[in-house]
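Take a look at the structure set out below.
The values are calculated or read from the model by the stated rules, or taken from the named source; none is laboratory data. A quick note: this is a predicted structure, and the numbers were derived from the prediction, not measured. Don't worry about glycine lacking a Cβ; one is built from the backbone with ideal geometry, like all the others, and counts go over all protein chains shown. The protein model used for the area step is the full one, side chains on, heavy atoms only, and it has no ligands, DNA or RNA in it. Shrake-Rupley method; radii C 1.70, N 1.55, O 1.52, S 1.80 Å.
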Amino acid sequence: MGSMTRLYCGVPVTDRNTALTWFAALFGREADEVIGGEALWRVSDTAWVFVDEQPDRAGGALLTLEVDGLDAILARLAEHDIRHEPVETYDNGVRHVVVLDPDGNSLSLAAPPPS
């Protein structure tokens, strides 16, 4: 029986340059790697998010990223004029917010409840 060891999650975009600027603001840094036309951000030891210019597929991605420091991330996004939906707090204490990239791809940020 085989096992899966890494996750590479793709976000199709219409314009690579616009996406690189937007995602650099989201992650707080430039892409960790660029391979061909894909720009990749490492989010953990075994998970990556990549953007790829695919205009015919752009706008349909749905990702949720667990984060530390949600308020700091939202402040950074505000500095780049990136808006988000209202922050919700679920019954289990998780704080959740949806951020849309310029193509309408949905990148949710979820912060676990305080320990």
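For region 49-94, the normalised intensity computed at q = 0.18, 0.22, 0.28, 0.29 Å⁻¹ comes to -0.82, -1.05, -1.17, -1.18 (log10 of I(q)/I(0), Debye sum over alpha carbons, equal scatterers, no solvent).
Helices in the chain, meaning DSSP H runs of at least 4 residues, each add -39500 (n - 2.57). Divided by all residues, the mean residue ellipticity at 222 nm is -6000 deg cm²/dmol. In the chain, Cα pairs under 8 Å separated by at least six residues give a relative contact order of 26 percent.
Selection among GLY104, GLY28, THR89 by position relative to the dipole of the chain gives THR89 as farthest towards the positive end (Cβ unit charges, Cα centre). Rolling a 1.4 Å probe across the protein heavy atoms gives the chain an accessible surface of 62 Å² per residue. Surface composition of the chain: carbon plus sulfur atoms contribute 50% of the solvent-accessible area (1.4 Å probe, protein chains only, all chains present). Of the labelled figures [x] 23, 19, 13; [y] 20, 18, 13; [z] 38, 31, 15, only one reflects semi-axes √(5λ) of the Cα gyration tensor in Å as derived from the coordinates, namely [x].
3J(HN,Hα) couplings calculated from phi for region 62-68 with the Karplus curve 6.51 cos²θ - 1.76 cosθ + 1.60 (θ = phi - 60°) are, in sequence order, 10, 10, 10, 10, 6, 10, 9 Hz; Gly and Pro show x.
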